[in-house]
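Asker: Let me begin by handing over the structure; questions about it come next.
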Amino acid sequence: MKAALIQLNSSDQPADNIPQTVDYMRQAAGSGAGFLLTPEVTNCVSDSRAHQQSVLCPEDDDPTLAALQAEAKTLGIWLLIGSLALKTNDADGRFANRSFMISPKGAIVARYDKIHMFDVEISKTETYRESAGYRPGKQAVIADTDFAKVGMTICYDVRFPHLHRTLAQNGAQILTGPAAFSPVSGAAHWETLLRARAIETGCYVFAPAQCGPHPATTGRSRDTYGHSLAVSPWGEVLADGGTKAGLTLVDFDLSEVDAARRKIPSLSHDRDYGVPE
């Protein structure tokens, strides 16, 4: 089967991002891909909470979700919407960072809300407090498709190996890691982290990424790392999307998952141990 990692340069205007995403979907399907993946915050890259409040929608009313569901049905493909920024009913007004698995019939098969919030100080000029605008999810999710069991994660989740191990031990054969990664931490850690998650679990890892700088009508313009990656269950980089928006196509064979796990069956070698005192 062929997967297509769609690398985007999304702006802070959701309506403007739909046409380019749909265009890449059509190109990917035309190239024979049956599983398409978009990056984190496909609909809106913005650091302005006030602007997000004015342009984002709840899931039921989100135009990006509706458009991509309809296009997946038209193309007859599986689609992983890496994530959408969505309004919630939370009293504190925080948004959800939510990933969707869409079937070839356009139906939502699974939803995953990002668990780990990117609250970091990379430098004096690059600080993020994701939890100020987004509420964390509480549930690990595996999407059951007709081609594989897919464990769903988002961006900063990649730094938490126990989540990925839990997904693999519960049947996941593919792990998705859509991202809008910082260029500084991306250059230092992105490939290493993704290869490690593949090696530890014996899963394919597909990580479609945002690439910057991103057009912004309000607030500070963000810059993201790009380099959408596909990694084999043995930890080999199968494809790298570089730094420009576009498609990264990769063939995958789930027998490689079984082969990697036969060689090193570490998922079944857990041992109980005491914690340091």
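Asker: Would you mind telling me which numbered condition in (1) surrounded by fewer than 24 Cβ atoms within 10 Å (Cβ to Cβ); (2) closer than 30 Å to SER232 by Cα LEU5 fails?
Answerer: (1)
Asker: Pull out all pairs, ordered by first then second residue, where Cβ-Cβ is under 6 Å, the residues are six or more apart or on different chains, the first lies in segment 136-147 and is under 15 Å from TYR204 (Cα atoms) and without any contact (Cβ under 8 Å) to a residue 12 or more places away in the chain, and the second is of a type in the set (A, V, I, L, M) and surrounded by 18 or more Cβ atoms within 10 Å (Cβ to Cβ).
Answerer: As it stands, the answer is none, since no pair meets every condition given.
Listed here are the residues, each with its yes/no results for (1) assigned to a loop (DSSP other than H, G, I, E, B); (2) free of Cβ contacts under 8 Å to residues at least 24 places away in the same chain; (3) within 17 Å of the chain's Cα centre (by Cα); (4) over 16 Å from ALA3 (Cβ atoms).
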site: GLY32; (1), (2), (3), (4): yes, no, no, no
site: GLU40; (1), (2), (3), (4): yes, no, yes, yes
site: LEU65; (1), (2), (3), (4): no, no, yes, yes
site: ALA70; (1), (2), (3), (4): no, no, no, yes
site: ALA85; (1), (2), (3), (4): no, no, yes, yes
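Asker: Please enumerate the residues belonging to segment 148-172 that are assigned to a strand (DSSP E or B) and within 17 Å of ARG261 (Cα to Cα).
Answerer: LYS149, VAL150, GLY151
Asker: Give me the pairs: first residue in segment 158-175 and farther than 16 Å from GLY235 by Cβ, second residue of a type in the set (Asp, Glu), beta-carbon distance under 8 Å, and six or more apart or on different chains, which are they?
Answerer: That search, which allows pairs on different chains as well, returns LEU163/ASP157.
Asker: Does GLY242 qualify as being crowded, with 16+ Cβ neighbours inside 10 Å, of a type in the set (Gly, Ala, Ser) and assigned to a loop (DSSP other than H, G, I, E, B)?
Answerer: no
Asker: Here is a list of conditions, (1) surrounded by 13 or more Cβ atoms within 10 Å (Cβ to Cβ); (2) at pLDDT 95 or above; (3) not in a strand (DSSP E or B), and VAL250 meets all of them except one; can you say which number that is?
Answerer: (3)
Asker: Pick out the one residue from SER83, SER10, SER54, SER46 that is of a type in the set (S, T, N, Q), more than 25 Å from LEU175 (Cβ to Cβ) and buried (at least 20 other Cβ atoms within 10 Å of the Cβ).
Answerer: The unique qualifying residue is SER46.
Asker: Given the structure, is PHE206 touching a residue at least 60 places away in the same chain (Cβ under 8 Å), within 17 Å of LEU37 (Cα to Cα) and over 17 Å from the mean Cα position of the chain (by Cα)?
Answerer: Against the criterion (touching a residue at least 60 places away in the same chain (Cβ under 8 Å), within 17 Å of LEU37 (Cα to Cα) and over 17 Å from the mean Cα position of the chain (by Cα)), PHE206 does not qualify.
Asker: Would you confirm whether or not segment 181-200 contains a residue that is without any contact (Cβ under 8 Å) to a residue 24 or more places away in the chain, aliphatic (A, V, I, L, M) and either out of contact with any helix residue (DSSP H, G or I) (no Cβ under 8 Å at 6 or more places or on another chain) or surrounded by 24 or more Cβ atoms within 10 Å (Cβ to Cβ) (or both)?
Answerer: Checking segment 181-200: at least one residue is without any contact (Cβ under 8 Å) to a residue 24 or more places away in the chain, aliphatic (A, V, I, L, M) and either out of contact with any helix residue (DSSP H, G or I) (no Cβ under 8 Å at 6 or more places or on another chain) or surrounded by 24 or more Cβ atoms within 10 Å (Cβ to Cβ) (or both).
The values are calculated or read from the model by the stated rules, or taken from the named source; none is laboratory data. The structure displayed is predicted, hence computed values, not measured ones. In this analysis, Cβ positions are derived from the backbone assuming ideal geometry, glycine residues included, and neighbour counts consider all displayed protein chains.
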